[in-house]
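Trainee: Okay, here's the structure, questions in a sec.
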Amino acid sequence: MGSLLMLLIPFLSLFQVRDVSMEPVLAEGQTILVMRAGEIRPGDLVLFTDPYGRTAVKTCALAGGDRLTLEGNYLVLGKRRWFLQPDQKERLSRYEKVPEGSYLLLGENSFHSADSREWGFIGKDVILGKVIGKKGRTVDQR
């Protein structure tokens, strides 16, 4: 058992959430446990390097091959809707599906989140891992 634990440690890391873009799912200052291996699926919380070189965490909304649904100025995923600025709508409307090897990553607090609406799709090459645990304060949901 000890050797198995030692093998897993290189694949696990702790990170601290630095902003409010994932509230109420993750709070600013909360610690997350990230597994550096594994398949990323819609619904997973993903740690990655954003286009500006910063480490960020977002929800994987869609994966390669998944269909994009735009209605008016909104990206629609099930019952949730994310508002799109005109340039964001133009960028995403070029696609019917998420390109293979890419992900659509969105913040839960959409009005306070830079995400795939702004950057476009995120490639597998910048994914650092997926969140498998969290510890620390939670968001007050009054």
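Trainee: Tell me whether the range 27-46 contains one or more residues that are at pLDDT below 90, under 15 Å from Ser113 (Cα atoms) and surrounded by 14 or more Cβ atoms within 10 Å (Cβ to Cβ).
Mentor: Looking through the range 27-46, at least one residue is at pLDDT below 90, under 15 Å from Ser113 (Cα atoms) and surrounded by 14 or more Cβ atoms within 10 Å (Cβ to Cβ).
Trainee: Let me ask something else about it. Provide a single number: the residues in the range 99-133 that are part of a strand (DSSP E or B) and among the hydrophobic types (A, V, I, L, M, F, W, C).
Mentor: 8
Trainee: Only one of (1) surrounded by 14 or more Cβ atoms within 10 Å (Cβ to Cβ); (2) small (Gly, Ala, Ser); (3) modelled with pLDDT under 85 fails for Gly64. Which number is that?
Mentor: (3)
Trainee: Shifting gears a bit: Looking at the range 77-95, which of the residues that are assigned to a helix (DSSP H, G or I) and free of Cβ contacts under 8 Å to residues at least 24 places away in the same chain is surrounded by the fewest Cβ atoms within 10 Å (Cβ to Cβ)? Talk me through it step by step, then tell me what you get.
Mentor: Initial filter on the range 77-95 (assigned to a helix (DSSP H, G or I)): 86-93.
Among the residues that remain, those that are also free of Cβ contacts under 8 Å to residues at least 24 places away in the same chain are: 86-87, 89-90, 93.
Values: Pro86: 8, Asp87: 10, Lys89: 16, Glu90: 10, Ser93: 12.
Within the range 77-95, the match that is surrounded by the fewest Cβ atoms within 10 Å (Cβ to Cβ) is Pro86.
Trainee: Listed residues Lys130, Lys135; which is in contact (Cβ under 8 Å) with a residue 24 or more places away in the chain, buried (at least 16 other Cβ atoms within 10 Å of the Cβ), within 23 Å of Gly29 (Cα to Cα) and charged (D, E, K, R)? Steps first, answer last, please.
Mentor: Working: Lys135 fails: buried (at least 16 other Cβ atoms within 10 Å of the Cβ).
Going through Lys130, Lys135 in turn, the sole match is Lys130.
Trainee: Here is a further query. Kindly indicate whether Gly43 is without any contact (Cβ under 8 Å) to a residue 60 or more places away in the chain and within 19 Å of Met22 (Cα to Cα).
Mentor: yes
Trainee: Do you know which of the residues in the range 47-76 that are polar (S, T, N, Q) and part of a strand (DSSP E or B) is farthest from Arg117 (Cα to Cα)? Can you show your working first?
Mentor: Filtering the range 47-76 for residues polar (S, T, N, Q) gives 49, 55, 59, 69, 73.
With part of a strand (DSSP E or B) added as a condition, the list becomes 49, 55, 59.
On the way: Thr49: 16, Thr55: 17, Thr59: 13 Å.
It comes out as Thr55.
Trainee: Mind telling me which of the residues Asp19, Asp50 ends up being touching a residue at least 60 places away in the same chain (Cβ under 8 Å), more than 17 Å from Gly129 (Cβ to Cβ), acidic (Asp, Glu) and surrounded by fewer than 19 Cβ atoms within 10 Å (Cβ to Cβ)?
Mentor: Asp19
Trainee: Any residue that is of a type in the set (Ser, Thr, Tyr), within 24 Å of Leu12 (Cα to Cα) and not in a strand (DSSP E or B) - is there at least one of those in the range 134-142?
Mentor: Initial filter on the range 134-142 (of a type in the set (Ser, Thr, Tyr)): 138.
From what is left, the residues that are within 24 Å of Leu12 (Cα to Cα) are 138.
Adding the requirement that they be not in a strand (DSSP E or B) leaves 138.
Yes, that holds for at least one residue.
Trainee: Let me ask something additional. Give the residue that is nearest to the chain's Cα centre (by Cα), with candidates limited to residues of the range 17-46 that are assigned to a loop (DSSP other than H, G, I, E, B) and polar (S, T, N, Q).
Mentor: So in the range 17-46, the residues assigned to a loop (DSSP other than H, G, I, E, B) come out as 17-30, 36-44.
From the residues that got through so far, the ones that are polar (S, T, N, Q) too are 21, 30.
Numbers: Ser21: 10, Gln30: 16 Å.
Result: Ser21.
The values are calculated or read from the model by the stated rules, or taken from the named source; none is laboratory data. Remember, it's a predicted structure, so these values are computed and weren't measured experimentally. Cβ: placed from backbone, ideal geometry, glycine included. Neighbour counts: every protein chain shown.
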